Amino acid sequence: MCWASLPRNVLSIKRAASQECVSLTLSQLLKNTRPDAMSCIQTARWLREQLPIRFARRIEDILQLPHVAVVNPQINSILSTYLETFEVIHSSPPIETHDDEKAFLRIVQDQLVKHHPGTRLLAEGYRDVRRLYPEIHLDDFLHDHFITRIATRILMDNYVEMRVPKDGFVGVVCQDMRPLKIVQEIAGELRSLTHALYGCAPEVEYRGNPDCVLDYIPRHVKYMVRELLKNAFRSTMERHLSRSTTTDALPHVAVELQQGDIHVIFKISDQGGGMPKRVQREAWQYGWTTVDSSKSYSEAFQYAEESCSWDRGTKEATANQSGQMRTELAGYGF
C-alpha cells in the first residue's frame, strides 16, 4: 500500500493501537452492568477510551493485508466503516453529564448498525480474493478479527441494553439460561428445514442433565448449536437417505448436556459417517465450504448471509430476499 492511500489520521490510529486494551470477563461484565444513570455514564466513559483502541488495532491489521485484499470492494468497505467508527468515537466530547451520555449512546447505536453486515462482507471479500489468488490464506488475520469483533459487539450491545431492565437478563447476558430450551428450538427449526429439503428428517434424542443452567449470551449459543446441528442433520441425511425414506428408519441425532462447576458441556453426535481424512485439515480453514462452486453469485451470497448472521429465524433461514428456498444444508465457512 502506498503512502498516499493511507488514512489521513493514520498517526492517531497508530497511537491508539499502541495503548493498553483492557479485557473484561463475563463475570466482570455482569458485575459492572447496572441500569442507573451513574453506571451508564461510567460505562460510556470506559467505552470512549477503550473502543478506539480496539478499532485502531483492527484497522492496522487490515492495512497490512496483501494489497489485493485491501482493495477488494467488500473488505475495503469494512475498512471504511472501521475508520469512521474510530474517528467518530475518538473525537467525541468528554462525557460529564447525562446529556453527554445520551449523545454517546446514539453514536454507539448508529455504529452498531453500520457494522452489522461486516461478517458477511468479509466472507464475500475473502471468497473473491481466494478465487483470484488461491494461494492467499488469511486465517490468522480472520481469527483475530472475529474474536475482537465478537468481544467489541458484546461491549457495545451490553452498553445499549444495560439501561433497559429485562426479566432474567443483565445487559445481554441471560442469567440461569436453560440450554435445553435453546437446543429444542433450534432442532425444531432445522427439522422443518431438513424435511422441506429431503422429505424427512431425523429425530433428536436428548440425554444427560436436562436441567442444566448457566449465565451466557443466548444468541451465541444459538449460533453454535445451529451450526453443529445443521452439520449433524445434513450428514445423517446424505448417508442414510438413499437407504430409507421414512423418518423412523433414520438414526437419531443425539444431544447430551452435562452441568459442570461453571460450564455446561454440549455433546452433539450423529451417525453421518464422520469427515473424510482428505478434508479434515481444510475444513478448519476460514472460507472452506461445501456450497457448490457452480452456484451463482447471488446464491453464494445467500449462504454467506445465513451463515454469518446470529439472529435469523426459521423463515429467514429458509428463504432469501427474493423468497427462494434454500437448496441444501450448507454453511459458508465463517
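Just so you know, all these numbers are worked out from the coordinates, no wet-lab data involved. Treat the numbers as computed from the prediction; the structure is a model and nothing was measured.
Using only alpha carbon pairs under 8 Å that are at least six residues apart, calculate the relative contact order of region 149-260 and give it in whole percent.
Result for region 149-260 is 31 percent.
What is the gain in length, in nm to one decimal, between residue 213 and residue 11 on full extension, counting 0.36 nm per residue of separation less the C-alpha to C-alpha distance?
68.0 nm
Which length gain, in nm to one decimal place, applies between residue 102 and residue 259 when the Cα-Cα distance is subtracted from 0.36 nm times their residue separation?
Value of the extension gain: 52.5 nm.
Going down the list 181/222; 181/267; 222/267; 31/181; 230/267, which pairs span over 18 Å between their C-alpha atoms?
31/181
May I ask you to compute the full-extension gain from residue 283 to residue 239, defined as 0.36 nm times their residue separation minus their alpha-carbon distance, rounded to one decimal in nm?
Result: 14.0 nm gained on full extension.
Provide, in order from the shortest bin, the percent of all Cα-Cα pairs of region 2-72 in each 5 Å bin, continuing until the bin that contains the maximum pair distance.
Reading upward from the zero bin: 3, 14, 18, 18, 14, 11, 9, 7, 5, 1.
Taking each pair of distinct Cα atoms in region 160-228 once, what is the resulting Kirkwood hydrodynamic radius in Å? Each step should come with its number before you reach the end.
Values: mean 1/r = 0.0732 Å⁻¹.
13.7 Å is the Kirkwood radius here.
Treat region 1-143 as a sphere of radius equal to its Kirkwood radius over Cα pairs and apply Stokes-Einstein at 10 °C in a medium of 1.306 mPa s; give the translational diffusion coefficient in µm²/s, rounded to a whole number.
95
For region 88-129, what is one quarter of the convex hull surface built on the Cα atoms, given in nm²?
3.6
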